[in-house]
1. Being outside any loop (DSSP other than H, G, I, E, B), of a type in the set (A, V, I, L, M), more than 19 Å from Q141 (Cβ to Cβ) and at pLDDT below 95 narrows it down to one of A103, A47, so name that one.
2. Count, please, the residues in region 45-61 that happen to be in contact with a helix residue (DSSP H, G or I) (Cβ under 8 Å, 6 or more places away or on another chain) and in contact (Cβ under 8 Å) with a residue 40 or more places away in the chain.
3. Of all residues in region 1-40 being among the hydroxyl-bearing types (S, T, Y) and in contact (Cβ under 8 Å) with a residue 60 or more places away in the chain, which is nearest to C86 (Cα to Cα)?
4. Of all residues in region 73-102, how many are surrounded by 13 or more Cβ atoms within 10 Å (Cβ to Cβ) and of a type in the set (F, W, Y)?
5. Please go through region 1-38 and pick out each residue that is surrounded by fewer than 22 Cβ atoms within 10 Å (Cβ to Cβ), among the β-branched types (V, I, T) and under 14 Å from the mean Cα position of the chain (by Cα).
6. Any residue at all in region 5-22 that is over 22 Å from F115 (Cα atoms) and of a type in the set (V, I, T)?
7. Would you pick out the residues in region 83-114 that are in contact with a Phe, Trp or Tyr (Cβ under 8 Å, 6 or more places away or on another chain), within 20 Å of C7 (Cβ to Cβ) and not acidic (D, E)?
8. Mind checking which residues of region 45-72 are surrounded by fewer than 16 Cβ atoms within 10 Å (Cβ to Cβ) and within 12 Å of R6 (Cβ to Cβ)?
Amino acid sequence: MARHTRCQGAIMRDHHLLLIAHQEHSTGRKYWLLPGGGIEDGEDEVACVIREMREETNLDVRVERLLMDEEISPSVGYTRIKTYLCAPLAGEAKPGYEPEVEASSEYGITDVAWFDLRDETSWNGAMKLDEITYPQVKRVQRALGY
């Protein structure tokens with residue numbers, strides 16, 4: 001099934017945004033991003049976000065609203081990213097898993113961390129250097145009025 005839209009969650013708790021870390025098996029490169037993925041057969045976008053958050057962060061979430069809808073370069077596999085504002089309901093944030101064999105053969109989810117949107121100086125240095133995640137987190141920050 002071709003996936004054109006990545007549905008991801010901006011999970012917020014006490015002014016903090018949750019990010020997950022992927023680590024590439026072949027290079028060891030680690031990078032941070034918002035949890036999310038593609039819609040599966042029979043899912044709508046909200047169901048996709050709820051499933052992806054559970055798989056990748058071990059959290060059950062409530063999807064509050066669409067926060068951002070962005071067109072992106074198709075070179076990253078998707079042509080659109082929809083970011084939904086989420087609130088944690090149950091579970092403890094910890095690294096989850098990637099159920100798709102193609103993806104899990106390339107990387108693993110190795111870490112989760114909460115980033116304080118009120119204090120950029122506390123953010124992970126590697127995340128701040130990432131040319132995809134850092135601008136996206138800044139857009140989430142602006143969309144939420146920080």
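1. On the way: A47 fails: at pLDDT below 95.
That would be A103, the only listed residue that is outside any loop (DSSP other than H, G, I, E, B), of a type in the set (A, V, I, L, M), more than 19 Å from Q141 (Cβ to Cβ) and at pLDDT below 95.
2. Here the count works out to 2.
3. It comes out as T5.
4. 2
5. Listed by number, the list holds a single entry, T5.
6. yes
7. A93, S104, I109
8. Correct list: E45, D69, E70, E71, I72.
The values are calculated or read from the model by the stated rules, or taken from the named source; none is laboratory data. It should be emphasised that the depicted structure is a prediction, and the values quoted were computed from it without experimental measurement. Cβ atoms come from the backbone with ideal geometry, glycine included; neighbour counts cover every protein chain shown.
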